[in-house]
Amino acid sequence: MPGFNDRLQAVLNQRQQDGLYRRRLTIDSAQGPVIRLGGREYLNFCSNDYLGLAAHPKVIASFRQAATEYGVGSGASHLVCGHSSAHHELEEALAEFTGRPRALLFSSGYMANVGTLTALLQRGDTVFQDKLNHASLLDGGLHSGARFRRFPHNDMANLAHKLAASTACSLVVVDGVFSMDGDAAPLAKLARLCTDHNAWLMVDDAHGFGVAGPTGAGSVEEADLSGQDVPILMATLGKALGTAGAFVAGSELLIETLIQQARNYIYTTAIPPAVAAASLTALQLLTEEAWRREYLGQLISRFRRGAEQLGLPLMASASAIQPLLVGDAAQATALSERLKECGLLIGAIRPPTVPAGTARLRVTLSAAHSETQVDRLLDNLARCWSHD
């Protein structure tokens, strides 16, 4: 029988043959609109640093000060001795900002989603998930032991039919902003459906938090919904806030349940206190500098207008995620490489991250970009597309 080496090599060879092989970039600079890679500078259009806070001087200063005070590592899990006053202060600020009684920090969005779903769901329950949900939500649902049912993307009629047929304790789970398509979930309709069918609603707002809504509180705020409408809110700190980690916000009962039962929270080392302190500063900048969200909105509109004029295959997104549908994985990779030769970094997103036949260039915009940089992006996209 073939050994592990033969099997693993065959899988890698097939990925390369199918144009699906992934390679890491090793950058030599801070995150920003321009980054350095291999001694060359590139315009960066593949970062999730939506508000340009990852290298903000005030965020860096908070990190340095907290590292001096608390050290580099937290030393233990939150339930042993790793929960510092910096963590506690950030949790309280996130709860207040999102209008929830409490918030709980996790080391990553992936851990927050898997930990929450496996803690809340049990055999006999049913979890309903949008087909385009993030992998962490899908994995959490599959690992929970609950009956796992998916509905077509944003198809409320299909979900209503499935909910009506369910007699189990039901949880509906969606992304607020879908990470690969950039479009939004119809949260108001989802909340009404869940109320009508006595189901709970969980929203992963990794790509909406800090960007969407009148104050930047995210997609739930944008939809004018409360904690009663959306009992479980998850968001990450490594995108709009520019730091690292994630949180779940909700009721006292929800958070205490997660503290007691979420294995991904209980059995992992807490994020460094310095990261929590930097995140708190980033949250303050988010509330004080509304111009960042407003300017990002202007750049999104500028890009979409220009892309439409050029006839580029835009997808239906009003967010900072602006995918250009290519279709073929090898073709998307070739376009990404051609743009890199022109000094632009744009990720080629291919299966299994997206369905077969829907490979794309995933353009992401940041409040740190200038209008001139967006125009340069459009000029290079036009040239590279015309040569395809």
- Message: Can you find a residue that is surrounded by 23 or more Cβ atoms within 10 Å (Cβ to Cβ) and either of a type in the set (Phe, Trp, Tyr) or not assigned by TED's automatic domain parsing to the domain that holds Asn113 (or both) anywhere in segment 232-250?
- Response: yes
- Query: If you take the residues in segment 83-94 that are farther than 14 Å from Ala66 by Cβ and in a helix (DSSP H, G or I), which one is nearest to the chain's Cα centre (by Cα)?
  - Reply: Leu94
- Hits in segment 352-388 (condition: out of contact with any strand residue (DSSP E or B) (no Cβ under 7 Å at 6 or more places or on another chain), more than 15 Å from Pro33 (Cα to Cα), assigned to a loop (DSSP other than H, G, I, E, B) and not hydrophobic (A, V, I, L, M, F, W, C)): Pro352, Thr353, Pro355, His387, Asp388
- Item | Which numbered condition Asp205 misses (of (1) buried (at least 22 other Cβ atoms within 10 Å of the Cβ); (2) more than 15 Å from Gln129 (Cβ to Cβ); (3) out of contact with any Leu (no Cβ under 8 Å at 6 or more places or on another chain)) | (3)
- Does segment 186-202 contain at least one residue that is touching a residue at least 40 places away in the same chain (Cβ under 8 Å) and within 14 Å of the chain's Cα centre (by Cα)? no
- Task: Look at segment 34-55 and say how many of its residues are farther than 20 Å from Ser279 by Cα, under 26 Å from the mean Cα position of the chain (by Cα) and outside any strand (DSSP E or B).
- Result: 2
- Task: Would you mind stating whether Glu89 is charged (D, E, K, R) and more than 30 Å from Leu171 (Cβ to Cβ)?
- Result: yes
- So how many residues does segment 107-162 have that are more than 16 Å from the chain's Cα centre (by Cα) and among the aliphatic types (A, V, I, L, M)? 11
- Task: Confirm whether His207 is closer than 29 Å to Arg292 by Cα, modelled with pLDDT of 95 or more and within 20 Å of the chain's Cα centre (by Cα).
- Result: yes
- Query: Can you name every residue in segment 311-358 that is farther than 30 Å from Leu53 by Cβ, touching a residue at least 60 places away in the same chain (Cβ under 8 Å) and either in contact with a Ser or Thr (Cβ under 9 Å, 6 or more places away or on another chain) or basic (Lys, Arg) (or both)?
  - Reply: Pro351
- Query: Exactly one of (1) farther than 26 Å from Asp204 by Cα; (2) buried (at least 19 other Cβ atoms within 10 Å of the Cβ); (3) among the polar types (S, T, N, Q) is unmet by Ser107. Its number?
  - Reply: (1)
- Task: Working only within segment 56-82, note down all residues that are part of a helix (DSSP H, G or I) and among the polar types (S, T, N, Q).
- Result: Ser62, Gln65, Thr68
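The values are calculated or read from the model by the stated rules, or taken from the named source; none is laboratory data. In this text the structure is predicted, and so the values were computed from the model without any measurement. Note that each Cβ is placed from the backbone with ideal geometry, even for glycine, and that neighbours are counted across all protein chains shown.
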